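Just so it is clear, none of the values below were taken in a lab; they were calculated from the coordinates. Quick caveat: nothing in here was measured; it's all calculated off a predicted structure. Cβ atoms come from the backbone with ideal geometry, glycine included; neighbour counts cover every protein chain shown.
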Amino acid sequence: MFEGDAVAGEIIAGRFELIEHIAQGGSGTVWLARDLKHERICAAKVMRQSYSGEILRFVREQGVKFDHPHLLTPYGWAAVDERVLIATELMRGGNLHTAMQDYGAFTQELVAEILVQLLDGLAHVHAAGWVHRDVKPANVLLESTSEGVPVVRLADFGIAAHRDEPRLTEHGAVVGTQGFIAPELRGGSEPEPAGDLYALGVLAVQLLEPSLRGDALSTYCDRARFSVDAQLSSVLGGLLARDPAKRLATARDASSMLAVLRNPSGYQVASGEPFEVFDHFESYGLPEGKPSPQQQPAGQPVSVPEPVRGKPARSAARLGLLVPWIAVLLALALGGLSLWLVFGGQSEADSVSPGPTVVSESPVPSSDPVKTSAAPSSSMQSKTPEQRGTEPSKESTSQSVVSIHSNVSTGDNCNAIELGLNVSGADGHRLSCEVDGAEYRWVAQD
């Protein structure tokens, strides 16, 4: 922590009480916090305005805000003196990327359930005139539902585009995460809903075959038929058609076709193990939902107990993976504030829009920080960067890049908040925050 940084117990703008520090980044700190206005526990990132003004206008193009059971966007912000705080709902179950690391391949029934929910969310997004542009496992968060039917929510709208609004990126720039970008978008076409549907198809294939990466994943997605149930195969073919005109007409087209595979009592993964979504915050003793005024009177500090010993191994493993995904979700929120800082905004504290963060506009094959070559066992524990034993790919591409300029240089330390972020460094190199042994470090990409 540096002089002038936020501290536990501090109340920002008379509304957000900081409970426990989660992570430190170059641009701010991530906290568990209590929203005194709405009497709820939330996740918050606190930044200095002097730093945020340099980077935030590059993070996203327009504000987005949705109220939908399968979409997640930041709900509030506060700014006072040099402090800027972004608040988002605290998602307790991790994301699909970490779930794949824990469980390996998903069953076709589980994939069908996830597809139906995400198709419903995308239908809402597309009906409002938006295109997400970065659908991938790391951007799909999970509610903690134990062994019940999983509930997923699509997050990270930081590079979303609206059909009727101008964008800050250049026309023809390739935006998204390599491997999930539709063929027509790689050729410079304007973003359309069909591009999101293609990315969703790739996501489904990766859940079924998590070992596939790069060219192998692309080749697999080019198949005319897939070795799954006929209904699911038909849906995958409709999502992954190379010609956007031949893709599913709308996100709702596939839902009825997949209904036969859904199971209201829960699911298993390919290994036969039940698919269980643990509460990553269980050991913190936080309230399950929105606390009542009787439980936590306004102005009273929230007591966070020490983590309880003896929790199940998988629960502990997932808690170890907490910081990267919650940090990404919070960085996502910064986009809405960027436009407010640059162009001005409403005075109401709730007028925040969503935004993702690690926008993968750079030539990195995948912004997912960890790649695994085999499905992990059910007893998999959380690992440090050194223990993971994997290196991000250094493959290059000719995609257009929108740069974020920063004062960091090659070899400087970064952290989980910045993992996967790409910037133009002070030393003139294009840098990416990557795992380097037991640390995170800015690595030159040119």
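Pulled fully out, how much extra length does the chain show between residue 189 and residue 439, if you take 0.36 nm times their separation in residues and subtract their Cα-Cα distance?
86.1 nm
What order, most packed first, do the peptides 135-144, 427-436 have when packing is the mean number of other Cβ atoms within 10 Å of each residue?
Sorting 135-144, 427-436 by mean packing, highest first, produces 135-144, 427-436.
Which length gain, in nm to one decimal place, applies between residue 5 and residue 446 when the Cα-Cα distance is subtracted from 0.36 nm times their residue separation?
155.4 nm
Taking R0 as 30 Å, what FRET efficiency do you get between residue 81 and residue 165 from their Cβ-Cβ distance, rounded to the nearest 0.05?
Taking R0 as 30 Å, the efficiency between residue 81 and residue 165 is 0.40.
If I model a spin label at residue 68 and residue 424 as a point 7 Å from the Cα along the Cα→Cβ vector, what separation in nanometres do I get?
3.5
Quote the FRET efficiency, to the nearest 0.05, computed for residue 127 versus residue 220 with a Förster distance R0 of 22 Å and r equal to the Cβ-Cβ distance.
My answer for the efficiency is 0.10.
Can you order the peptides 199-208, 240-249 by their average number of other Cβ atoms within 10 Å per residue, highest first?
Order by mean packing, descending: 199-208, 240-249.
Over the stretch 96-261, what relative contact order in percent results from Cα pairs under 8 Å that are six or more residues apart?
Relative contact order for the stretch 96-261 comes out at 28 percent.
Distance in nm between label sites at residue 273 and residue 230, each 7 Å beyond Cα in the beta-carbon direction?
3.4
How much FRET efficiency would the formula 1/(1 + (r/R0)^6) give for residue 259 and residue 20, where r is the Cβ-Cβ distance and R0 is 45 Å, rounded to 0.05?
For R0 = 45 Å, the calculated efficiency reads 0.60.
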